[in-house]
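After the structure tokens below, expect a handful of questions from me.
Values quoted throughout were computed directly from the atomic coordinates according to the rules given, and no laboratory measurement underlies them. Remember, predicted model here, so these are calculated numbers, not experimental data. Using ideal geometry, Cβ is built from the backbone for each residue, glycine included, and neighbour counts are taken over all protein chains shown.
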Amino acid sequence: MIYVDADSCPVTDEVIDLASKQDLPVTLVKSYAHFSLKPLSEHVDVVYVDQEKEASDYRIMRLIKPNDVLITADYGLASLALAKTPHIIHPRGTLYKKETMDQLLQSRYLSSQVRKAGGRMKGPKAFTDSDRTQFIDQFNRLLNRL
């Protein structure tokens, strides 16, 4: 099963297309604020959650099983999900690993402290075609390994 933290995932269509080629089921988890009537393939389910902070994360953690795949840009969710499955990928194509998670979480924490103190931090870079290509390549490799 492939789970997508789908509220703001820029590669949802690519995940669906690549998964369908291997006949793999996909579950999109997103808040009601992102409700869509867009028709989806038969192998795609959508789970809607409340708009509360972390609602998608909680639902994904209840659903995910060993050897499932998760696509998320949320470091916190990725760090929790690594206890259940090693197959977690960022929408820019980076594979999350236990060895690098502490550094990612530390960086996130320091940024939040600067913001709480009234400072400003640069946001993430704009998502590019190169990022999309990197994701597709890495996701294909991941699916082929499974």
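Would you please report the Å³ per residue occupied by the convex hull of the alpha carbon atoms in region 22-107?
114 Å³
May I ask you to derive the relative contact order of the chain, considering only C-alpha pairs under 8 Å and at least 6 residues apart, and to give it as an integer percent?
Averaging sequence separation for qualifying contacts and normalising by length gives 21 percent for the chain.
Using 0.36 nm times the number of residues separating residue 122 and residue 67, minus their current alpha carbon distance, what extension gain do you get?
Net length gain for the segment: 16.4 nm.
Distance check, please: which entries in 65/116; 38/98; 21/65; 21/122 exceed 32 angstrom between their Cα atoms?
Checking Cα-Cα distances, 65/116; 38/98; 21/122 exceed 32 Å.
Short version: ³J(HN,Hα) in whole Hz for each residue of region 46-54, in order, from phi by Karplus 6.51 cos²θ - 1.76 cosθ + 1.60 (θ = phi - 60°), x for Gly and Pro, what are they?
So the Karplus estimates, Gly and Pro as x, are 10, 10, 9, 10, 4, 7, 4, 4, 6 Hz.
Which GluC sites (Glu not before Pro) in region 1-109 sit in a loop by DSSP (not H, G, I, E or B) and have at most 11 other Cβ atoms within 10 Å of their own Cβ?
42, 52
Normalized C-alpha radius of gyration of the chain, against 2.2 N^0.38 Å?
With N residues counted in the chain, Rg over 2.2 N^0.38 Å equals 1.05.
Turning to a different aspect of this structure: Amide H of residue 49 versus every other amide H placed in the peptide plane: which residues, excluding those fewer than 5 positions away on the same chain, fall under 5 Å?
Excluding prolines and chain starts, which carry no amide H, the hits are 30, 31, 32.
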